[in-house]
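As structure tokens, the structure follows; a few thoughts come after it.
Every number here is computed from the coordinates shown, using simple stated rules; none is lab data. None of the values given here were measured: they were computed from a predicted structure. Methodologically, a virtual Cβ is constructed for each residue, glycine included, from the backbone with ideal geometry; neighbour enumeration extends over all protein chains shown.
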């Protein structure tokens, strides 16, 4: 009975603490029940506020927890050092001059690392670490980020520390170093110039710091989550049955750096997890599957942690982790003898990350949960959102897996930045119009057009055309001139009869690509499926023009322009000023005019 | 001859791919037709260019959302003079009757060259497997086979995989055929190894190239033993070319990709070969990784043909070996060039090899190992046997020897002794034409 009452009180305390940002006080801190605490009275910054908002949102919607009983939906335990800490640190050490004068990032780092952390903050952090012994991430929560213009990969660094050393003084040293580095990043050239561009004048920025439990589990010498990713409410590259508003997910094994840095990860629609254009054939799977992932080393690290390029993270090969639980669950096996992928990791053969267990066999209802989360976010923020998450898998039968809600930001900023309105006037003056375009936004960087001369096109000469495209591409790439490539059929088709069989390296300098469907090659539009990975990760605009429908490309006009270069099958023309390409991703509509 | 081509064009004016395929064959067999009036009398050329049967059918299927879709299915049964129609199924949105006719026409001669009892055919659908779920692909395959099963069988027509049709699709197609026909037979090749597939399928093309090279050198009193060999690609073909050459005592010193090549003067052997096998086939890594791992020289933006070698084997892509490369090879004393890919040597390079006495073997002869093992899969199925790896390999060696002999005999017959290009172009046609002649006007 005693245990029962204690347990219930404990649960009640935990529940009451959810959605609440409590003030950290060393003597009252209970790491087990207090999920979200802050040190100081100042602002907690944009990112931390959004975490608090998410925490409250989850508290207000118990139904989502009830619907997914096999998953714990949580915010990682979080401590925020409010802007007081930064201000005290900067003023105590007289670091203000770094904002006004030009210093290299290295000089700023050196100056900040030499400076002393205020005593009161050190003692609070020591009290915190006396109870917290799991790996931590340390990152900024800037006031500037309130604007939500933060680029995807972030301007500021995130540092991860193992925080598992028996000597608390060493753990404290690591944590303080990480905080100083985050503080220093405020004065790096990138953020400074960004601040100038946003605020028109240099301004001192106060920085809060988020210290957060790293989502993950221990696997041998490493610590990482089974998967991490980003969910977005809007998909600008819908394929097959997908609809833009159904959203899109990018997921990868291990820590989120893989997705953030745009390395190979798996992109899927949460509504149609079975439809994976980049995984259509065995060759596609082998070419596109994630081969590397990031993990935090928690054993055998040096006392002077590496805060360099990967910030204590190690880039590991998936194959080296084939016996670790997440790979066992998420990997399939390649059977070379039959050139077949089997959706199990329990047979011999190279392991290939397909995430088939969750995408095909629903062993964890992650796609469904992500649909709900995106919807919750959309309702909560009143606009499309972008959510960062991580998952841990339970290795026990009927055990609960964890879904960590890491960050949520509105996509509104993106939409505003990229919002595209195509007017009737623009359609009238456009030399190209399409109702089947992928991507979103405006491109005003291209002044070059490379096109296959319509009257010279011969299906039997597509190999030669591919070579010619490669040659022109190399020259334009060298001059850093992105260009519009126009031609019939399926660009990148490996069957030379079906389109021009270019490889990515032949067209690597393109800004946009037009796939023409006409009498000579009237195949179904490929929508860039041969280059799907590159197109989506680089945000290339891919436009299909079906001649004879409402779509058009003005051949007469382009032919009237003087040629910069003319080959047997291609013509390269240059405009005096860059053309304007606009794609309204919501309507898949595109116009190009000059 | 021009009349025949004109008649074909007039009859089916839109079939440009087919016209081109016919034109190429007519050009290469012109001397034979001139010398053999019986072929003309029996209208061999007219008949050989007309499919014995073309089947076109609708393929309705339902996607995961319950929406119905319609595709068109094709099977071109081009020629069965030498055996049951044999040729792949291709699922790709841009296929057409013209493409299937041209592919089936070429397949007929390719199969004939192996000396196995195989006719020629090709088929498929304008279905796009890309972006479809497994369940959708399965429903499509089942619907496709629900019509095709009437026209195929282990002694009638034996399709295989091709673009868009891999092990998954072959499995679904076979399953539906078995259900509809109530029989487990070798109606498709490329099956899973534990349900009727053959061993050595993956290795077949590479091993076949090795065997063919051994035959070519032996014909000139030489052997692979001690020879230095340069190859380009390192995919399935390249890997098994290296394995077979090592086994036969040669030394392969290069591998390449589109970004450069690796030179390994000690030869790609043992652990290095194991690494190479996975490099592309599994991990899609650059050849440079091999250089990094084993401390070899990586020569950026160059082709491997500048490395002195006795034999060059282009295994990568079309037109990868041009006239300049040919000149370099000849000046370095290269004695033989064997194409393992499809048309990797440019026309002028081939001409240069011939002019300078380099033994040149075209891909259509050297890389027939794949078709040969498909034929062996059919044989094993009809015998209800699964041969060991050694047994299949032994028979593959025998078949490659036959192809070599057939090419030489055909070249000799048309007055171009030792010319493998002429031999390979003519031999397949001769085998089919002779069989048709003997079987009467059918």
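Among A:421-428, A:385-392, A:110-117, A:501-508, how do they line up from the highest to the lowest mean number of other beta-carbon atoms within 10 Å?
My ranking of the peptides, most packed first, is A:385-392, A:501-508, A:110-117, A:421-428.
Any chance you could check the Cα centroid distance between region B:395-412 and region A:228-254 for me, in angstrom?
Centre-to-centre distance over Cα atoms comes out at 54 Å.
Restricting to chain A, compute how many DSSP beta bridges are antiparallel as a %, nearest 5.
75
Among B:55, B:403, B:313, which one shows the biggest mean-square fluctuation in a GNM of chain B, springs joining Cα atoms closer than 10 Å?
B:55
Between residue B:441 and residue B:394, what FRET efficiency follows from the Cβ-Cβ distance if R0 is 56 Å, with the result rounded to 0.05?
E(calc), rounded to 0.05, equals 0.90.
Nearest 500 deg cm²/dmol is fine: what mean residue ellipticity at 222 nm does chain A get from its DSSP H runs of n ≥ 4 alone, each adding -39,500 (n - 2.57), divided by its residue count?
Mean residue ellipticity, 222 nm, calculated: -9000 deg cm²/dmol.
What is chain A's relative contact order, in percent, from Cα pairs under 8 angstrom and six or more apart in sequence?
For chain A, the relative contact order is 12 percent.
Averaged across B:91-98, how many Cβ atoms of other chains sit within 10 Å of each residue's Cβ atom?
5
Using only Cα atoms, locate the centre of region B:160-230 and the centre of region B:362-392, then give the distance between them in Å, rounded to an integer.
Computed from Cα coordinates, the inter-centre distance equals 6 Å.
For the pair residue B:323 and residue A:28, how long in nm is the line joining their label points, each one 7 Å along Cα→Cβ?
Taking the two extended label points, one gets 8.9 nm.
For the protein assembly as shown, state the average projected area of the convex hull of the C-alpha atoms over all orientations, rounded to one decimal in nm².
46.6
To the nearest 0.05, how large is the calculated FRET efficiency for residue A:323 and residue B:386 if R₀ is 41 Å and r is the Cβ-Cβ distance?
The calculated FRET efficiency here is 0.80.
Where a ≥ b ≥ c are the square roots of the eigenvalues of the C-alpha gyration tensor, would you call chain B rounded, which needs a/c under 1.5, or, failing that, prolate if a/b is larger than b/c, or oblate?
Oblate, because a/c is 1.5 or more while a/b does not exceed b/c.
Report for the protein assembly as shown the percent antiparallel among DSSP-assigned beta bridges with both residues inside it, nearest 5.
70
Label-point separation (nm) for residue A:97 and residue A:568, each offset 7 Å from Cα along Cα-to-Cβ?
Between residue A:97 and residue A:568, the label points sit 6.8 nm apart.
Residue B:274 versus residue A:426, label points 7 Å from Cα toward the beta carbon: distance in nm?
5.9
Would you compute, from DSSP H runs of 4+ residues alone, the mean residue ellipticity of chain B at 222 nm, taking -39500 (n - 2.57) per run and dividing by the full residue count, rounded to the nearest 500?
That comes out to -15000 deg cm²/dmol.
Across peptide A:333-341, how many C-beta atoms of other chains are within 10 Å of each residue C-beta, on average?
If you average over the peptide's residues, the count of other-chain Cβ atoms is 6.
Between residue B:156 and residue A:458, what is the FRET efficiency for a Förster distance of 41 Å, r being their Cβ-Cβ separation, to the nearest 0.05?
So, using R0 = 41 Å, E works out to roughly 0.65.
Given the C-alpha atoms of chain A, compute the convex hull and give its volume per residue in Å³.
Convex hull volume per residue, Cα atoms: 174 Å³.
With the cut-off at 1.5 for a/c, could you classify region B:165-290 from its C-alpha gyration tensor as rounded, prolate or oblate?
oblate
With the cut-off at 1.5 for a/c, could you classify region A:420-593 from its C-alpha gyration tensor as rounded, prolate or oblate?
rounded
Counting DSSP beta bridges in region A:420-593, what percent are antiparallel, to the nearest 5?
60
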